[in-house]
Structure formats: C-alpha cells, structure tokens
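Read the structure below first, then the notes.
The values are calculated or read from the model by the stated rules, or taken from the named source; none is laboratory data. What you see is a predicted model; the values in this text were computed from it and never measured. Note that we place each Cβ from the backbone using ideal geometry, even for glycine, and neighbour counts take in every protein chain shown. Please note that ligands, DNA and RNA were not included when accessible areas were found on the heavy atoms of the full protein model with its side chains. Shrake-Rupley method; radii C 1.70, N 1.55, O 1.52, S 1.80 Å.
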Amino acid sequence: METQVLPGIGPTLAERLAARGLETLEDLAWFVPRGYDDLRDAVRLAAAEPGPRVTLVATVTRARYTRFRRRYLEVGLEDGGARATVRWFNVHPSMASRFARGARVILSGALRHRDGAFEMANPDLLGDADDEATSARLTLRPRYGEVEGVAPAIVRKAARTALERVAPRLQDGVPPDIAARLALPPLAEALRGLHDPPADLDDAETRALRDGDSPWHRRLAFDDLFFLALAVLRRRHERRRLAAPPCAAPAALADARAVLPFALTGAQERAAAAIVGDLAGERPMNRLLQGDVGAGKTAVAFVAAHAALAAGRQVALMAPTEILAEQHLRSIEPWARALGHRAALLTASTPRGVRETTLAMLAAGATGLCIGTHALLAERVGFADLGLCIIDEQHRFGVAQRVRLRGKGDGAPHLLVMTATPIPRTMALTIYGDLDVTTLDELPPGRTPPRTRICHGARGRAQIVGFLKRKLAEGARAFVVCPLVEPSYEPGVDWADATTTADHLAEALAPFRVGLVHGRVPAAERDAEMARLRRGDIDVLVATTVIEVGVDVPEATVMVVLDADRFGLAQLHQLRGRVGRGGGEAFCLLHTRASQGSERLAILADTCDGFRIAEADLALRGPGEVLGVRQAGLPKLRFGDLLAHGELLREARREAEALLAADPALAAHPATHNVLLERAPPYAGDGG
C-alpha cells in the first residue's frame with residue numbers, strides 16, 4: 001500500500017519518501033529509528049558542553065527567516081548568561097512561528113563553541129520545555145535516518161501510523177517456540193517498541209535501547225540471521241539431492257606429485273585428498289578452497305583437475321581477468337601435458353581462428369581442460385562431458401555466473417571455488433554455509449613474507465624514491481601501484497595516478513627503466529609489459545590494481561602502494577603478495593598523505609597473516625564491503641550484523657538446523673515458509 005494513504009502525506013512527500021526507499025507502508029514500518037533522544041539527558045544551555053549529540057533546554061530570544069544567498073531560519077537562545085545561535089537550512093518560512101520569544105525549547109544535535117557563543121546547525125526540535133504533556137510523551141524520542149525534504153516529525157508520525165496499519169497482517173516467520181526459548185518478543189511488538197518506546201523504561205532498559213541492544217533490536221537482528229541461515233541450509237540440502245558425474249581417480253594425488261616441480265605442503269596434501277575424495281562421489285562437490293597469498297591454491301586446483309581428467313571428464317577453470325587466466329595456463333599447462341592432458345585458453349582476446357578450433361575440440365571432447373575468463377560463459381562454448389568447474393577469485397563472480405558455467409555439463413558438475421582473500425570464519429559459515437570450506441593454513445618452505453613499512457606525507461614519498469634507487473641498483477625489480485589511471489579533476493580527489501607517476505619516476509629513477517600498465521591498456525600490451533619486467537627489460541612497473549591477482553614475477557621484490565589508504569586491507573594484502581614469490585627478502589612500502597600513523601595500515605605492518613587481516617577488515621568496513629558483491633539468492637541483512645551479533649548468529653543457525661531437521665519442507669510452519677519465499681526466492685537451490 002502506497003504511503004499517500006497516510007494523513008498528511010501528499011504526492012510530493014510520497015515522492016520524497018520513495019526516493020529514500022520508503023514506497024509502501026511496509027517500508028515505513030521497517031524503517032526503524034537509528035537512535036533516540038532522552039529528555040532526561042537534557043541540560044540547561046548554561047551547563048552544556050560541546051559535543052556531537054547534546055540535548056539542551058534554553059529560552060528563545062529571537063527568530064528570523066532570511067532568503068539572503070541561502071534560505072535559512074536563525075534562532076537566538078539564552079540561558080543563565082550563555083548564548084547560542086541555531087540555524088536550520090532549506091526550511092519553510094512558517095517554521096519561524098514555532099519559536100515565540102520567551103518560549104523555552106528542547107533541542108538535540110551537534111553543539112560547538114565559537115567566539116564566546118554556542119552554535120547548532122539543523123538540530124532536532126524535541127518540544128516545548130514548559131509543556132508537561134510534551135515532556136511526558138517524549139521521554140524517549142526516536143531519531144530516524146534523514147529523508148531529504150521531509151521533516152523529522154513527519155517521518156516519525158508516518159512510521160508509527162504505518163506500523164499500526166500493517167501490524168495486523170505482518171507475517172511473523174520465527175516460530176513461537178523458538179522466540180520463547182530465546183526470550184525474543186513477537187515481531188509486531190518489537191517494531192512498536194522501537195518506533196514508540198514506552199516512557200516507563202528504567203535506566204538499564206533505556207541504555208540498551210540507545211545502544212541498539214534492546215530485546216526489540218535483538219528480535220529484528222535474529223529475524224535477519226535466522227532467515228539467512230534457513231536460506232543457506234536449504235540451498236545446501238537441495239544441492240545434495242542433485243546427481244554429479246563421478247570422477248574416481250584414486251591415483252590422482254600420486255600422479256600430480258610426480259610431475260609437480262615442488263613438494264606439496266601438509267595443508268595442500270590434506271586439501272587435495274579431500275577434494276579427490278569428493279570428486280569420486282555421485283553428489284556434487286561444492287567446496288570453497290581459501291588460502292593466503294602464496295599458499296599454493298593453484299597446485300591443489302591442478303590435482304583436482306587431473307582427477308577429473310583422469311576419470312575421462314572435462315574441466316573448466318574460470319578466472320576474473322585475462323592476466324590471471326594466462327598465469328594459470330602458464331603454471332598448469334606443463335604439468336597437465338606431462339600427464340597427457342590437453343589444455344586450452346579462452347578469453348575475449350583469443351584470436352578468432354584459435355577460438356573456433358578450441359570450441360570445436362571442446363565440443364568433441366578432444367580438449368580436456370579449458371582455462372578462461374567470462375568468455376567461458378558464452379552460449380557457443382560447449383563441453384562434451386564437463387565434470388568439474390573451478391572458479392578462482394570466486395567473490396568476483398555472482399551465483400548466476402556459477403550456475404551458467406555448471407549448466408554447460410549434464411547433471412550437476414562438481415564445483416571448486418577458490419579465493420586468496422581469506423574469509424573470517426563467521427562469514428564463511430554464514431555466507432558460504434552451503435559450501436564445504438577447506439583452508440590452506442601454511443606457506444610453502446622458503447616463502448618469506450615481505451617486510452612492510454608505512455611512509456607518511458611528502459617526506460615519505462621522497463624516502464620511497466631513495467629506497468627504490470638503492471634496491472634497483474642492487475638488481476631488484478619493483479611494482480608501484482596507484483588508485484587512479486589518470487589525474488582526476490573532481491574536487492577533493494587528488495590521489496596518485498599511474499600515468500603521472502610513471503612519468504615522474506622515469507625521470508627520478510633514470511637510468512632505470514619504468515613501464516606502465518592499467519585496465520585501459522589492451523591485454524596484449526599488458527602481457528608484453530609484464531614479460532619485459534620478467535625478463536629485466538624494465539626495472540619498475542607502475543600499475544593500477546590490474547596486478548592484484550594472477551601476476552607472478554618471481555624477480556620482483558619491492559611493492560610500493562601510493563595513497564594506500566584508498567584501498568581495503570585485504571586488497572593491500574593481495575598486492576603485497578605479488579612480491580617475494582621467488583624467495584629471499586622482499587619489501588612493501590605503503591604511502592599515505594597523512595602526517596601520522598594510520599590504524600588501518602598499522603595492521604598490515606604488524607602482521608602478514610591474511611586471516612587476522614580479514615578479521616580486521618571485517619571489523620573496520622563491515623561484511624558488505626569486505627565481500628564486495630553480496631551473494632545472490634540470499635536475504636539482505638537489514639538489522640543483523642555478522643560481526644556484532646556473533647552469538648546471535650550461532651543461535652540462529654542452530655535453530656534453523658534443528659527446524660529443518662524436524663520439518664525439511666517447512667510444511668508445519670507455513671508462516672516461516674512464506675517469509676523465506678518472500679526474502680530469498682527461490683530457496684530450493686540455485687543449482688550453482
């Protein structure tokens with residue numbers, strides 16, 4: 001039902017609400033406050049201290065609306081000799097009538113002190129301090145997210161009214177016995193408590209409400225996490241009912257050991273053995289292989305590919321970039337050839353004649369292993385007998401793309417997805433709970449993590465140039481990474497760009513040679529520049545994040561990242577992993593324009609443990625940013641926080657598992673079934 005049915009909401013306000021995503025009454029009912037102003041915290045202006053959220057009482061001395069340059073209302077306040085000027089911008093002139101001279105008002109907002117007086121901009125007007133009814137009714141006043149062009153009072157009233165209208169038809173999908181066991185209130189009660197908290201809450205209850213830890217908050221968070229767990233577990237259950245092409249190859253691991261030019265680590269051995277065992281079964285393998293930078297995922301993927309190929313099946317290995325696909329081919333093709341397998345590359349840059357030959361041989365089953373990019377998803381790409389799909393850097397692909405690749409085989413081909421971005425355990429169990437997770441938790445012998453140093457400001461930039469000169473003179477090769485390709489002319493965006501940096505370094509580092517690659521350079525030119533660095537024809541390669549994955553230049557021992565605070569921790573850790581791959585000492589210099597230490601960057605200087613870094617990245621940026629792309633087919637979290645609600649998440653998963661064990665089809669729980677269908681359609685599995 002549209003918001004225009006509410007009193008006081010006409011077409012204009014309805015349009016503004018819709019722009020904020022509040023199109024229906026249900027949207028308003030779920031638009032819970034982001035905070036609360038407690039009138040019991042109100043202080044007189046004379047006793048107030050500056051701060052980001054201050055609730056104060058003062059007397060109005062003047063009110064004036066002006067249209068000079070900017071439209072704003074200016075109100076003067078006074079109390080016990082203290083004075084304040086308050087301004088509301090872009091408001092209607094009629095607002096001035098709410099500030100009669102001599103009236104005592106209650107305001108809440110950011111309070112600053114300048115030139116002997118206080119100032120506030122766009123604070124919330126909580127009411128008339130002399131109105132007993134106002135004081136009683138507004139002991140706790142909800143504070144909502146801003147809706148541009150709609151006064152906070154209108155949003156408050158609209159949300160409360162909308163809830164009362166939709167409450168009778170709200171579907172509460174959490175079974176009553178589960179809610180009772182966890183002492184969680186019913187859904188409608190939780191929403192009422194948040195939109196219109198009772199005035200008789202004691203201090204502890206008020207504190208919990210303002211901290212977002214009330215039973216009402218927990219109820220909504222549990223609701224999110226419970227249905228997320230249900231969606232993941234049902235998807236896992238449905239996938240296990242599918243049939244996969246068996247790929248039994250008991251000698252696969254021994255065969256691979258015979259051709260690999262290095263010994264597998266214990267972690268690689270365990271991972272490979274588990275995967276070979278999975279492939280022999282008739283249920284489709286759905287396994288996530290995660291390992292830190294340099295942990296050896298490619299070798300494990302080769303063992304998996306050989307097992308499928310030895311069983312007479314075909315294998316598709318998909319990577320997100322041409323650089324990474326080509327790197328996989330360079331690594332895997334000699335090993336595969338030694339065991340009698342034919343490998344091919346298929347990307348957007350594959351010449352037409354080669355492409356046609358490759359497609360024909362794949363369709364005929366003459367080529368067993370095809371390594372490629374999104375080009376593998378093209379309709380013309382077909383396999384005679386696809387048994388295994390391997391997807392590298394899987395977080396860069398959506399579920400629909402996994403489904404499409406697996407759809408090129410009969411039944412449900414086995415699936416191995418890999419990531420070099422370690423995923424915190426909480427995230428792995430939740431977002432990838434339908435996958436079996438295998439972790440490579442040790443590095444190959446001789447692999448030494450780079451020494452990481454943070455460089456600050458202009459002085460740090462000069463230090464980096466000096467360091468590069470010394471290391472290049474010793475025979476080192478280096479990467480220099482920038483956040484931009486070319487200079488930006490947007491206000492406030494003056495970050496380092498690869499084009500300007502390459503020109504500057506070519507002059508500053510002469511006679512050493514500097515190359516340049518970025519996403520706008522054709523793939524053939526990028527490959528040629530990489531080859532030049534590998535051969536030693538250039539000494540420094542300036543780049544954007546196109547080198548984040550798939551670049552293997554063992555001779556490179558120095559990584560410089562300019563404006564490093566523009567990147568996520570996990571991304572910086574990936575870039576750092578591009579150097580020192582040939583053994584020996586390696587260095588990573590992270591430059592920031594800040595004059596003092598950065599808490600984020602200090603984490604990288606402190607550890608090379610990708611899992612610790614992933615946990616820190618999760619804490620700093622939240623799950624959505626860390627994952628990059630939310631997993632399609634899973635409910636969106638509105639209130640649940642995978643980091644803050646760890647224990648609640650575990651409870652939600654336990655309850656979801658128990659419910660599905662007792663009622664797999666949710667036949668006895670129609671409300672739960674309906675809500676799950678609504679939030680995660682279709683929940684019977686995506687086949688991918």
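Quick look at the numbers
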item	result
Accessible area of the chain belonging to carbon and sulfur atoms, whole % at 1.4 Å probe	51
Protection proxy ranking of 36-48, 221-233 - average other beta-carbon atoms within 10 Å, highest first	221-233, 36-48
Among Ala272, Leu170, Leu184 - extreme Cα towards positive end, dipole of segment 139-278, charges at beta-carbon	Ala272
Under 5 Å, built H, 5+ apart or other chain: amide partners of Thr452	Cys588
For segment 1-131, size of Cβ-based charge dipole, Lys and Arg +1, Asp and Glu -1, in debye	800
Listed peptides 5-11, 356-362 by packing density, highest first (mean Cβ within 10 Å)	356-362, 5-11
Length released on extending from Glu49 to Ala121, taking residue separation times 0.36 nm less the Cα-Cα span	24.4 nm
About the Cα centre, charge dipole magnitude for the chain (Lys/Arg +1, Asp/Glu -1 at Cβ), debye	1020
Potential lengthening between Asp385 and Arg520 on full extension [0.36 nm per residue; Cα-Cα distance subtracted]	44.9 nm
Sequence ranges 102-114, 256-268, ranked by mean other-Cβ count within 10 angstrom, highest first	102-114, 256-268
Simple Cβ-charge dipole of segment 481-590, Lys/Arg +1 and Asp/Glu -1, about Cα centre, in debye nearest 20	400
Proximal aspartates and glutamates to Lys408, defined as alpha-carbon separation beneath 13 angstrom and excluding residues fewer than eight positions away on the same chain	Glu379, Asp385
Which of Gly475, His456, Ala502, positive extreme of dipole for segment 454-519 (C-beta unit charges)	Gly475
Average accessible surface area per residue within the chain, 1.4 Å rolling probe, Å²	44
Computed lengthening from Ala400 to Ala251, 0.36 nm per intervening residue step minus Cα-Cα distance	50.3 nm
Charge sum, other residues only, whose C-beta stays under 11 Å from Thr557's C-beta, Lys/Arg counted +1 and Asp/Glu -1	+2
Built amide H within the under 5 Å cut-off of Leu126, gap 5+	Ile106, Leu107, Ser108
Positive-end residue of Leu324, Ala384, Phe118, charge dipole of the chain with Cβ unit charges	Leu324
Net charge, Thr55 excluded, C-beta distance under 10 Å - Lys, Arg +1, Asp, Glu -1	-1
Prolate/oblate/rounded call for segment 196-238, Cα gyration tensor, a/c under 1.5 rounded	prolate
DSSP bridge orientation in the chain - percent antiparallel, rounded to nearest 5	35
